[in-house]
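A quick write-up on the structure given underneath.
The values are calculated or read from the model by the stated rules, or taken from the named source; none is laboratory data. Please read all numbers here as calculations on a predicted model, not as lab measurements. Every residue, glycine as well, gets a Cβ built from its backbone with ideal geometry; the counts of neighbours run over all protein chains shown.
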Amino acid sequence: SQNDIVRRLQTITETLSTDTSIEPNSPQHPSLASLASTLISPSYLHSKDKDIRLHSVLACMELFYIYAPEPPWDEEEILGIFEQMIRQLGNLAHCTADSGNFEYYFRILEQLSEVKIGVVLVDLIRTESSVKKEALEMLCELIKTILQCVSVDHPPEVVAHAEIAISACIEEFEGVIPICVLDELLVTMPPSQIQQTNTSYLVAAKVVRKTEDKISSPIAGLLNGLLGGDPYVVDQTSISCVDGNVWSISYELHRIAPNILTTVIGTVATSLVSGEANVRWRATKLLGRLFGARTSDIAKRFGPCFRDWLRRGNDNEPKIRETMVKCLVNFITNKHNEIDLCSDVSDTLANIITNDPILEIPEANASNDRRTPNPPISAISSELLHAVGKRVMSKNKTEHRDAITGLAQIYYKH
């Protein structure tokens with residue numbers, strides 16, 4: 001019966017995992033190769049019974065360990081095992097530690113981590129095998145599944161094993177890491193407000209930090225290719241410039257591994273003078289967020305790019321000038337200890353308030369400015385105060401009110 005088959009498979013798996021005397025091609029275990037062949041037969045690995053499929057995969061995982069580094073199957077058979085393994089692992093996302101099959105799904109992830117079984121796929125990719133393309137697709141699916149199967153309800157061991165399993169695959173590559181593999185890590189980068197509850201993001205961030213020496217240049221190359229419009233990169237990646245993915249990913253990377261952006265900042269800065277207003281706006285916004293981040297030293301390290309960014313205060317596009325206002329105010333708030341940089345920022349902000357011909361921009365600035373007197377008064381230049389002061393005489397009621405309120409709050413706090 002099917003229950004009997006499941007029990008036999010459980011016994012086999014337990015024996016394979018506990019009997020340290022078992023060795024491949026040993027006269028003491030002549031049936032080991034036959035077992036490996038039987039497990040991948042349609043009646044086991046592709047059985048209609050889900051429990052038989054699950055326990056066949058578990059037994060195969062043990063054989064990967066025993067036969068390492070050379071699995072006892074050919075390339076097509078290996079891909080078949082991984083296909084079923086990935087399906088079973090995906091069920092971990094729907095389980096908690098109290099669920100019936102949790103320990104089995106967890107064991108698959110544990111083996112991927114401790115035995116580094118995913119490296120088998122990397123070997124197939126590197127050796128120019130006949131199934132190279134299929135192996136690469138399978139590796140991407142494996143990484144995606146590992147990232148998605150981790151839940152906030154899981155014990156911390158799950159996150160740890162997920163990180164190690166993916167990192168092992170990344171570190172096995174020599175030189176070029178396929179773009180589609182990088183994509184699987186980078187597409188998990190979400191808006192910052194949901195970072196702490198997005199386990200896919202947390203695992204991907206850990207992997208990037210752990211493998212930074214290996215993955216830094218490939219990621220930078222991918223981002224530079226996207227930002228520079230390299231046709232090959234654009235064709236190979238699933239990340240889009242159009243909907244802003246590459247810009248948000250670049251920002252998140254500064255939180256995770258800022259050194260990756262060393263060559264990317266310059267590429268972003270070239271977009272500040274793009275003929276397309278939307279591209280200039282995205283570049284202005286990204287650099288503004290990077291320069292003004294509390295823990296960032298990018299403005300100090302990339303002085304020429306910072307000065308190029310400040311010039312966007314004179315951009316002919318109102319949306320860009322409005323973004324500059326918000327970013328400049330944020331910079332003074334967060335980076336008030338950078339006296340020289342704040343002086344340049346204050347001058348730019350004062351110039352916008354004084355000379356901007358579009359009414360909405362000064363209004364937005366005055367409104368924002370009144371919320372920013374948290375830094376010491378030394379961070380707010382006299383030119384900026386005078387510029388806001390001139391708005392007190394405005395005939396526009398909103399502008400007049402905002403200017404008075406802003407100055408009042410500054411004087412009250414200082």
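Of all the listed residues (GLU317, GLU322), the sole one being assigned by TED's automatic domain parsing to the domain that holds LYS335, farther than 22 Å from THR333 by Cβ and of a type in the set (D, E, K, R) is GLU317. With a requirement of 2 or more residues that are outside the structural domain of ASN330 (by TED's automatic domain parsing) and under 22 Å from the mean Cα position of the chain (by Cα), the helices (runs of 4 or more DSSP H) lying completely within region 207-313 that satisfy it span 212-227, 231-236, 245-256, 264-270, 277-292. Can you pull out the residues in region 120-158 that are surrounded by fewer than 18 Cβ atoms within 10 Å (Cβ to Cβ), modelled with pLDDT of 95 or more and among the aliphatic types (A, V, I, L, M)? Scanning region 120-158 gives a single hit, LEU136.
Within region 241-259, the set of residues being among the small types (Gly, Ala, Ser) and under 13 Å from THR188 (Cα atoms) comprises SER248, SER250. Residues in region 324-335 that are within 16 Å of ALA350 (Cβ to Cβ) and not in a helix (DSSP H, G or I): none. Taking first residues from region 124-148 that are in a helix (DSSP H, G or I) and partners that are among the charged types (D, E, K, R), the Cβ contacts under 6 Å between residues at least 6 apart in sequence or on separate chains come to ILE125/LYS132; CYS140/GLU184; ILE143/GLU184; LYS144/GLU184.
Look at THR38 and say whether it is more than 34 Å from the chain's Cα centre (by Cα), in the same structural domain as LEU112 (by TED's automatic domain parsing) and within 27 Å of VAL131 (Cβ to Cβ). So THR38 passes the test. Considering the conditions (1) at pLDDT below 95; (2) in a helix (DSSP H, G or I); (3) over 23 Å from LEU124 (Cα atoms), ALA33 is excluded by exactly one of them, (3).
Residue by residue, here is whether (1) buried (at least 20 other Cβ atoms within 10 Å of the Cβ); (2) of a type in the set (Ser, Thr, Tyr); (3) farther than 16 Å from LEU286 by Cα holds:
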{"position": "SER200", "(1), (2), (3)": "yes, yes, yes"}
{"position": "VAL203", "(1), (2), (3)": "yes, no, yes"}
{"position": "VAL207", "(1), (2), (3)": "yes, no, yes"}
{"position": "ASN224", "(1), (2), (3)": "no, no, no"}
{"position": "TYR232", "(1), (2), (3)": "no, yes, yes"}
{"position": "ASP235", "(1), (2), (3)": "no, no, yes"}
{"position": "ARG255", "(1), (2), (3)": "no, no, no"}
{"position": "ILE260", "(1), (2), (3)": "yes, no, no"}
{"position": "SER271", "(1), (2), (3)": "yes, yes, no"}
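Scanning region 60-75 for residues that are within 23 Å of GLU134 (Cβ to Cβ) and surrounded by 15 or more Cβ atoms within 10 Å (Cβ to Cβ) returns CYS60, MET61, LEU63, PHE64, TYR67, PRO71, PRO72, TRP73, GLU75. Can you find, within region 1-16, the residue that is surrounded by the fewest Cβ atoms within 10 Å (Cβ to Cβ) among those that are more than 13 Å from LEU35 (Cα to Cα), among the polar types (S, T, N, Q) and in contact with a helix residue (DSSP H, G or I) (Cβ under 7 Å, 6 or more places away or on another chain)? Taking the candidates together, the pick is GLN2. The residue pairs whose first member lies in region 173-188 and is in contact (Cβ under 8 Å) with a residue 40 or more places away in the chain, whose second member is of a type in the set (Gly, Ala, Ser), and whose beta carbons are closer than 7 Å, counting only pairs six or more residues apart or on different chains, are ASP183/SER238; LEU185/ALA204; VAL187/SER238; THR188/SER200; THR188/ALA204. Only one of the numbered conditions (1) more than 27 Å from VAL158 (Cα to Cα); (2) in a loop (DSSP other than H, G, I, E, B); (3) touching a residue at least 40 places away in the same chain (Cβ under 8 Å) is violated by GLU76, and that is (2).
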